[in-house]
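Please read the structure below before turning to the comments.
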Amino acid sequence: MRSSPTPNRLRHMTAVYLCRKDRILLLYRQGGRVVNNVWVGSAGGHFEPEELNDPRACVLRELHEELGLTEDDLDSLTLRYIVLRNANGEVRQNYFFFAELKEGAEEGLVSDEGQLKWFAHQELADLPMPPSARQAIDHWLAEGRHTEWLYGGISSGEKADFSPLC
(Lines give C-alpha, C1' and ligand atoms only; values in the text may rest on other atoms or scores of the structure.)
Protein backbone atom coordinates (compact mmCIF):
# COMPACT_ATOMS: atom_id res chain seq x y z
CA MET A 1 0.00 0.00 0.00
CA ARG A 2 1.29 3.42 -0.97
CA SER A 3 1.67 6.04 1.72
CA SER A 4 0.71 9.65 0.98
CA PRO A 5 1.14 12.67 3.19
CA THR A 6 -1.95 13.74 5.05
CA PRO A 7 -3.40 16.64 3.10
CA ASN A 8 -3.54 19.99 4.85
CA ARG A 9 -5.14 22.01 2.04
CA LEU A 10 -8.10 21.77 -0.30
CA ARG A 11 -7.74 23.11 -3.85
CA HIS A 12 -10.87 23.62 -5.99
CA MET A 13 -10.30 23.76 -9.75
CA THR A 14 -12.53 23.69 -12.78
CA ALA A 15 -12.15 23.06 -16.51
CA VAL A 16 -14.42 23.07 -19.53
CA TYR A 17 -14.09 20.75 -22.52
CA LEU A 18 -15.61 22.34 -25.62
CA CYS A 19 -16.85 19.86 -28.19
CA ARG A 20 -18.04 19.92 -31.76
CA LYS A 21 -19.20 16.61 -33.27
CA ASP A 22 -16.27 14.18 -32.86
CA ARG A 23 -13.71 16.85 -31.89
CA ILE A 24 -12.73 18.46 -28.62
CA LEU A 25 -10.87 21.74 -28.06
CA LEU A 26 -7.89 21.45 -25.71
CA LEU A 27 -5.33 23.89 -24.39
CA TYR A 28 -1.62 23.10 -24.11
CA ARG A 29 -1.18 24.99 -20.85
CA GLN A 30 2.13 26.80 -20.46
CA GLY A 31 3.27 28.83 -17.47
CA GLY A 32 0.57 27.57 -15.09
CA ARG A 33 0.96 27.59 -11.30
CA VAL A 34 -0.23 23.99 -10.78
CA VAL A 35 -0.62 22.54 -14.28
CA ASN A 36 2.07 23.15 -16.87
CA ASN A 37 3.14 21.73 -20.26
CA VAL A 38 0.19 19.33 -20.61
CA TRP A 39 -3.14 19.30 -22.47
CA VAL A 40 -6.15 20.41 -20.42
CA GLY A 41 -9.69 21.69 -20.99
CA SER A 42 -9.87 24.77 -23.18
CA ALA A 43 -10.43 27.04 -20.16
CA GLY A 44 -10.32 26.60 -16.41
CA GLY A 45 -8.59 27.42 -13.19
CA HIS A 46 -8.96 28.04 -9.49
CA PHE A 47 -12.11 29.14 -7.73
CA GLU A 48 -12.43 32.65 -6.34
CA PRO A 49 -13.68 32.70 -2.71
CA GLU A 50 -17.20 33.79 -3.72
CA GLU A 51 -17.40 30.83 -6.19
CA LEU A 52 -16.72 28.00 -3.72
CA ASN A 53 -20.36 26.90 -3.77
CA ASP A 54 -20.85 27.58 -7.49
CA PRO A 55 -18.50 25.73 -9.89
CA ARG A 56 -20.62 26.88 -12.83
CA ALA A 57 -19.88 30.53 -11.98
CA CYS A 58 -16.17 29.69 -11.82
CA VAL A 59 -16.07 27.91 -15.17
CA LEU A 60 -18.05 30.71 -16.86
CA ARG A 61 -15.69 33.35 -15.43
CA GLU A 62 -12.64 31.37 -16.58
CA LEU A 63 -14.19 30.82 -20.01
CA HIS A 64 -14.72 34.55 -20.42
CA GLU A 65 -11.31 35.55 -19.01
CA GLU A 66 -9.32 33.01 -21.01
CA LEU A 67 -11.26 32.74 -24.29
CA GLY A 68 -13.62 35.71 -24.38
CA LEU A 69 -16.61 33.35 -24.59
CA THR A 70 -19.91 33.59 -22.72
CA GLU A 71 -22.63 31.06 -22.00
CA ASP A 72 -24.42 32.35 -25.13
CA ASP A 73 -21.60 30.82 -27.21
CA LEU A 74 -22.36 27.35 -25.83
CA ASP A 75 -25.00 24.67 -25.97
CA SER A 76 -25.57 22.30 -23.06
CA LEU A 77 -22.91 23.43 -20.56
CA THR A 78 -23.02 20.56 -18.08
CA LEU A 79 -20.98 19.50 -15.05
CA ARG A 80 -20.05 15.88 -15.85
CA TYR A 81 -17.20 14.92 -13.48
CA ILE A 82 -16.11 15.76 -9.94
CA VAL A 83 -12.78 14.12 -9.19
CA LEU A 84 -10.85 14.06 -5.89
CA ARG A 85 -7.11 13.42 -5.75
CA ASN A 86 -4.52 13.66 -2.97
CA ALA A 87 -1.45 15.39 -4.41
CA ASN A 88 1.42 17.35 -2.87
CA GLY A 89 -0.18 17.71 0.56
CA GLU A 90 -3.57 18.85 -0.70
CA VAL A 91 -6.83 17.33 -1.85
CA ARG A 92 -7.49 18.56 -5.36
CA GLN A 93 -11.16 18.71 -6.22
CA ASN A 94 -11.63 19.08 -9.98
CA TYR A 95 -14.95 20.00 -11.60
CA PHE A 96 -15.00 19.04 -15.29
CA PHE A 97 -17.67 20.58 -17.53
CA PHE A 98 -18.50 19.70 -21.12
CA ALA A 99 -20.34 21.86 -23.67
CA GLU A 100 -20.96 22.13 -27.38
CA LEU A 101 -19.41 25.22 -28.94
CA LYS A 102 -21.94 26.93 -31.21
CA GLU A 103 -21.14 27.30 -34.90
CA GLY A 104 -19.10 30.45 -35.52
CA ALA A 105 -18.11 30.94 -31.86
CA GLU A 106 -14.60 29.58 -32.50
CA GLU A 107 -13.72 32.45 -34.84
CA GLY A 108 -10.64 34.22 -33.51
CA LEU A 109 -10.27 32.05 -30.39
CA VAL A 110 -6.87 32.55 -28.76
CA SER A 111 -5.60 32.07 -25.23
CA ASP A 112 -2.74 33.70 -23.37
CA GLU A 113 -2.57 30.51 -21.24
CA GLY A 114 -1.11 28.41 -24.08
CA GLN A 115 -1.93 26.86 -27.45
CA LEU A 116 -5.53 25.91 -28.41
CA LYS A 117 -6.05 22.96 -30.74
CA TRP A 118 -8.97 20.79 -31.89
CA PHE A 119 -8.49 17.02 -31.59
CA ALA A 120 -10.50 14.09 -32.91
CA HIS A 121 -11.62 11.75 -30.12
CA GLN A 122 -9.25 9.00 -31.27
CA GLU A 123 -6.26 11.37 -30.85
CA LEU A 124 -6.85 12.03 -27.13
CA ALA A 125 -5.36 8.80 -25.74
CA ASP A 126 -1.77 9.77 -26.57
CA LEU A 127 -1.78 13.33 -25.20
CA PRO A 128 0.00 14.24 -21.95
CA MET A 129 -2.60 15.36 -19.36
CA PRO A 130 -2.74 15.81 -15.58
CA PRO A 131 -3.84 12.55 -13.90
CA SER A 132 -7.39 13.60 -12.98
CA ALA A 133 -8.02 15.09 -16.42
CA ARG A 134 -6.62 11.98 -18.14
CA GLN A 135 -8.84 9.72 -16.07
CA ALA A 136 -11.98 11.82 -16.64
CA ILE A 137 -11.34 12.07 -20.41
CA ASP A 138 -10.67 8.32 -20.71
CA HIS A 139 -13.91 7.58 -18.82
CA TRP A 140 -15.84 10.13 -20.89
CA LEU A 141 -14.61 8.58 -24.14
CA ALA A 142 -15.48 5.05 -23.01
CA GLU A 143 -18.74 5.72 -21.19
CA GLY A 144 -19.59 9.26 -20.13
CA ARG A 145 -20.25 10.76 -23.56
CA HIS A 146 -22.99 8.16 -24.05
CA THR A 147 -24.87 9.20 -20.89
CA GLU A 148 -26.13 12.40 -19.29
CA TRP A 149 -24.93 11.48 -15.80
CA LEU A 150 -22.73 13.35 -13.39
CA TYR A 151 -19.85 11.12 -12.28
CA GLY A 152 -17.87 11.25 -9.06
CA GLY A 153 -14.34 9.92 -9.08
CA ILE A 154 -11.57 9.13 -6.63
CA SER A 155 -8.15 9.26 -8.23
CA SER A 156 -5.15 7.46 -6.78
CA GLY A 157 -2.04 7.49 -8.89
CA GLU A 158 -2.75 6.23 -12.39
CA LYS A 159 -6.16 4.75 -11.50
CA ALA A 160 -9.55 6.33 -10.81
CA ASP A 161 -12.86 4.81 -9.78
CA PHE A 162 -15.96 6.54 -11.15
CA SER A 163 -19.56 6.16 -10.10
CA PRO A 164 -22.66 7.90 -11.43
CA LEU A 165 -24.04 10.45 -8.97
CA CYS A 166 -27.62 10.26 -10.19
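A few notes on this one:
- Applying the condition of being at pLDDT 95 or above and buried (at least 22 other Cβ atoms within 10 Å of the Cβ) to region 29-62 and asking which residue is farthest from residue 128 (Cα to Cα) yields 58.
- Of all the residues in region 85-111, those that are at pLDDT 95 or above and among the aliphatic types (A, V, I, L, M) number 2.
- Selection count, region 125-166, where residues are surrounded by 18 or more Cβ atoms within 10 Å (Cβ to Cβ) and of a type outside the set (D, E, K, R): 16
- Residues of region 107-154 satisfying the condition of being β-branched (Val, Ile, Thr), over 14 Å from the mean Cα position of the chain (by Cα) and not in a strand (DSSP E or B): 110, 147
- Any hit, region 85-99, residues being over 18 Å from residue 11 (Cα atoms) and touching a strand residue (DSSP E or B) at 6+ places or on another chain (Cβ under 6 Å): yes
- Cβ pairs under 8 Å, 6+ apart, first in region 120-132 and modelled with pLDDT under 95, second crowded, with 19+ Cβ neighbours inside 10 Å and part of a helix (DSSP H, G or I): 129/137
- Region 58-105, subset among the hydrophobic types (A, V, I, L, M, F, W, C), touching a residue at least 24 places away in the same chain (Cβ under 8 Å) and not in a strand (DSSP E or B), residue farthest from residue 162 (Cα to Cα): 105
The values are calculated or read from the model by the stated rules, or taken from the named source; none is laboratory data. Small disclaimer: the values here were computed from a predicted structure and weren't measured. A quick note on method: Cβ atoms are made from the backbone with ideal geometry, for glycine too, and the neighbour counts reach across all protein chains shown.
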